[in-house]
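All remarks here apply to the structure that follows.
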Amino acid sequence: SAHEALYRLSLAHDLRHRVFWLPHNMDFRGRTYPCPPHFNHLGSDLARALLEFAEGRPLGPRGLDWLKIHLINLTGLKKGDSLRMRLAFADEVMEEILDSADNPLTGRKWWMEADEPWQTLACCMEVAHAVRSPDPAAYISHLPVHQDGSCNGLQHYAALGRDSVGAASVNLTPSDLPQDVYREVATQVEEFRQQDAKEGLRVAQVLEGFISRKVVKQTVMTVVYGVTRYGGRLQIEKRLRELSDFPQEFVWEASHYLVRQVFKSLQEMFTSTRAIQHWLTESANLISHAGWPVEWVTPLGIPIIQPYHRESKVQVKGGLQSITLTSSVDESQKPNTLKQKKGFPPNFIHSLDSSHMMLTALHCYRKGLIFVSVHDCFWTHAADIPTMNEVCREQFVRLHSQPILEDLAKFLKKRFCSVSSIKSLKSSERALVTKLQETLQSLPKTGTFDLGQVIRSTYFFS
C-alpha cells in the first residue's frame, strides 16, 4: 500500500549512508527471520530494492556477467533458458537497460514489465554504472546478487529418498537447461487429461487448452509441504476463476479433477518422496495420539518441538467486561493431533533447509564472503557468486550424506519407545507405541540417485 511504501522510504531515508545490521530470530523449526518488521531483506520487492551491502567488492573478471544474469533472473523473462542465453539476452537489451537506468520514469520504462520491477530498476542502475566505468572489473559493486533453489522442498525430499527421476526434475542432476518441475507436472497432467478426454470424460474435455504451468504451480509447491487435497483444490479453483474464458459452472468439478491428477503426477515423478511423507505422517500420528508433541533434533543439533496443543481458554476479568483468550501453545494441554501430524513433514523439511542455509552461511563466512539468506534464496556480491555456488552445493551434499532418516528413527525410538517413556501410559497408548516401534523400524525404501552429481549441477541453485 502507499502508506507502507512511504513508511519504508522514510526509514530508508533515515538509514541512508549508515551501516546497519538486521538482527535475526529463529522460529521453532530453525528458519531465520529478521526482527525489524518494515524494512528488511525478506520484505517486498520495494524493500529489497532499497537495500545494498555496506561493504562493496570489485566486480572482478566474472562479476559483470553475474550482474547481468541476475538482472534477467529478476525480470522473469527467460526462466527456461541457460545462463549463457540469459547473458546474451542481457547484451541484446542493453539499450533498454541503460534507458531504464537513465530515465526510469520518463523513458521507455522497460524495467516496469519485470516480475520484480524495483529490484530490476536497481540492478539496471548498477549495470549502467559498471558498464560505463573505465574498467568494469575494478568497479566496486554493493548490489546483492541472488541464487534461488529450484523448488527447494522437493530438492530435499529427492535427496533424502535418493529419487533419480525426482532429482532430475528439481535440478539435482547436471543438465544444459534448467528443469522446471511445474512445467513437467503440467505436461504430465495434460497427458492424463487427453487420455481421459478420449475415453469421453466430460470434465477432461472441458479442460482442453486450460492446463498451464500457472494453474498447477502453487499446488505442486504446497503438496511438497503437505497440503491436503482440499487445500490444493481451493488453489486450483482460484486459478480457474481467473481465466475469463473458462466455463465457470465447471470450476468445482474441474478443480477436483485437476488436484487428483497433480497428486498422481507427483506420485509417479517422486516415488520415494511420497513414501517418506507418509512415513513421517504416520510416525507423528502415533506419537501425538499417545499424548506427546513430536520432537526431533536437526543435523546441526538444534532441538525442535512442535508447539501445537489443544487450545486452552484463559479468561481475563476486567471492571466492565472480561475477555477470553485462546492459546494453542499451552504445554500443559494435550497435543493437537491433527496439527502435529500434518505439520511434521513440512516442518521437518524446513528444519533441513534451515540447516543447509546455516552450513552455507558458516562456510561462506570462513571464506570471507558476505552472505544473506531468504530461506532458499542466497545472496552475496556479484564477484563471489561462483564461490557461494560451490559452497552451497558442497554443503547440501555433506548434509545429505548423513543418515538423516536413520538418525531420526533412532532418536524417535529412544525418545518415545524407551521403558521410561512407556511407564506412565495407559494400555491403549502402549499399543500405539508398539505400532510406532514397527513403523520406525520399516524405513521408507530409497532409490539409487548419486548425490555427488549435485556438485556439477548448474541449475541446483541459480
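No lab work stands behind these numbers, since they all come straight from the coordinates. Quick caveat, the model's predicted, so the values are computed rather than measured. All Cβ positions, even for glycine, are placed from backbone atoms using ideal geometry, and neighbour counts span all protein chains on display.
Helix 251-269 axis versus longest C-alpha principal axis of the chain: approximately 90°, rounded to the nearest ten. Here the sum of -39500 (n - 2.57) over DSSP H runs of 4 or more residues, divided by the residues of the chain, equals -17500 deg cm²/dmol at 222 nm, to the nearest 500. For region 1-65, state which trypsin sites (Lys or Arg not before Pro) are in a DSSP loop and have at most 15 other beta carbons lying within 10 Å of their beta carbon. Answer in residue order: Arg16, Arg18. Across the chain, the mean sequence separation of Cα contacts (distance under 8 Å, 6 or more residues apart), normalised by length, yields a relative contact order of 20 percent. When peptides 320-330, 96-106, 140-150 are sorted by average Cβ neighbour count within 10 Å, with the highest value leading, the order is 140-150, 96-106, 320-330.
Dividing the Cα radius of gyration of the chain by its Kirkwood radius returns 1.00 for Rg/Rh. Between the alpha-carbon centres of region 402-462 and region 302-316 there is a gap of 24 Å. Axis angle, to the nearest 10 degrees, between helix 385-401 and the longest C-alpha principal axis of the chain: 10 degrees.
For the listed residue pairs Lys334/Lys413; Lys342/Lys414; Lys238/Lys313; Lys334/Lys435; Lys78/Lys264; Lys313/Lys435, the alpha carbons are over 25 angstrom apart in Lys238/Lys313; Lys78/Lys264; Lys313/Lys435. Close amide-amide hydrogen proximity is noted between His24 and Cys35, each under 5 Å apart and 5 or more residues distant or on a separate chain (H modeled in the peptide plane; Pro and chain starts excluded). Compute the FRET efficiency between Leu11 and Asp81 as 1/(1 + (r/R0)^6), taking r as their Cβ-Cβ distance and R0 = 51 Å, and round to the nearest 0.05. Approximately 0.90, to the nearest 0.05. Could you tally the net charge around Tyr182, taking each other residue with its Cβ under 11 Å from the Cβ of Tyr182, Lys/Arg +1 and Asp/Glu -1? Local net charge: +3.
Shown is the FRET efficiency for Gln402 and Ala431, computed with R0 = 30 Å from the Cβ-Cβ distance and rounded to the nearest 0.05: 0.40.
Think of the chain as having a plus end and a minus end, set by charges on the Cβ of Lys, Arg, Asp and Glu; of Pro136, Ala284, Leu240, Ala284 sits farthest toward the positive end of this dipole.
A protection proxy built from the mean count of other Cβ atoms within 10 Å ranks the segments 428-439, 394-405, most packed first, as 394-405, 428-439.
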